[in-house]
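Taking it in order: structure first as structure tokens, then the write-up.
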Amino acid sequence: QIANWFKKLRDDGLEAVGKKPQAFGLTAEQLVHFHDQLIRPVESSSKGRRTGDVAREIVRSLPLESDVSPAATRAFRRNDQVLDELQGLSSGTALAALLRPLGLAAAPGRASGKTRLLVAEASALDETWPIGWPPQDSPYKVAPTLFEKLNVEIQATPLSEALSSIQERVKIPFLLDHQALAREALDLSTIRASYPQARTFYLKIVEEILSQAHLRSELRVDEAGKPLLWVFSARRG
């Protein structure tokens, strides 16, 4: 719904969406302003660090006042580690991705006449900021490396290893829905992936090996338009 709203905004301009509250109860101008504050890229490496430490760094780096709920503060004190590399992604998408495994989410809100960043339990928010956005251009234009052809054969290789190898080659971040993986007890290091000898392109390989673990992928872009591949459960979407 939020993505459709932004598409209409891009296509028709601010006048088309008017002054009435839109997503998150914000006006068009307020929502665009909030979106633009989240474009700043994450500068430090994140993988393997405490989630709370990385989340605090991102929140403090933004030119927005913030409200972090008591539940989120408690979650930040845990020793959960960031499982994906978020460096280089825009702050909005990165923050949404690292909050999700903790059962948390981010959203804009209004207080004292200002738009603020809210971080709280996802269940406590009516709407949550998404992990990336549908691209406006064709997938080939957004992420051409995913369509580069190669000769390939994968034989009973750990799925995590196969994905890591492809990610390194296409140079696009792969973000996994670790919340869904934990819920379904999926360990990608123990799931063996195979692909028959063929000449094909990277995205097709990714789709095939993910399907062997009942997973799917979706090409998205961050707030700055940088491509990423979101990997999620095919069972529950």
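The values are calculated or read from the model by the stated rules, or taken from the named source; none is laboratory data. From a predicted model like this one, the values you see are computed outputs, not experimental measurements. Note: ideal-geometry Cβ built from the backbone for every residue, glycine included; neighbour counts use all protein chains shown. What goes into the accessible areas is simple: the full protein's heavy atoms, side chains included, and nothing from ligands, DNA or RNA. Shrake-Rupley method; radii C 1.70, N 1.55, O 1.52, S 1.80 Å.
Structure values in brief
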| read-out | value |
| --- | --- |
| Accessible-area composition of the chain, carbon plus sulfur, in percent [1.4 Å probe] | 47 percent |
| Listed residue (VAL152, SER189, ALA213) projecting farthest to the positive dipole end of segment 115-237, Cβ model | VAL152 |
| Residues whose placed amide H lies under 5 Å from that of ALA106, excluding near-sequence neighbours | TRP129 |
| Calculated log₁₀ intensity ratio I(q)/I(0) where the Debye formula runs over C-alpha points of segment 43-164, q = 0.09, 0.12 Å⁻¹ | -0.34, -0.56 |
| Stretch gain in nm, segment LYS141-ALA182, where the contour uses 0.36 nm per residue and the Cα spacing is subtracted | 11.4 nm |
| Cα-based equivalent ellipsoid, segment 66-125: semi-axes from gyration tensor eigenvalues, Å | 20, 15, 9 |
| Longest segment of the chain lacking trypsin sites (Lys or Arg not before Pro) that sit in a DSSP loop with at most 13 other Cβ atoms within 10 Å | 79-170 |
| Residue among ASP84, ASP222, ASP137 with the largest mean-square fluctuation in a Gaussian network model of the chain, springs linking Cα atoms under 10 Å | ASP137 |
| Amide N of segment 137-159 lying under 17 Å from the label point, which is placed 7 angstrom from the Cα of GLN197 along Cα→Cβ | 150-157 |
| Distance in nm between pseudo-label sites at SER160 and GLU207 (7 Å out along the Cβ direction from Cα) | 2.7 nm |
| Relative contact order (%) - the chain, alpha-carbon pairs under 8 angstrom, separation at least six | 18 percent |
| Non-local Lys pairs in the chain, i.e. 8 or more apart or on different chains, that have alpha carbons under 18 Å apart | 17 |
| The chain - convex hull of the alpha-carbon atoms, volume per residue in Å³ | 121 Å³ |
| Dipole magnitude (debye, nearest 20) for segment 167-237, charges at Cβ of Lys, Arg, Asp, Glu | 180 debye |
| Segment 54-99: proportion of alpha-carbon pairs further apart than 18 angstrom, % | 26 percent |
| GNM flexibility winner over the chain from GLN81, GLN197, GLN179 (Cα, springs under 10 Å) | GLN197 |
| For segment 111-201, fraction of C-alpha pairs farther apart than 15 Å, in % | 76 percent |
| Length added when fully stretched, LYS114-HIS33, from 0.36 nm per residue minus Cα-Cα | 28.1 nm |
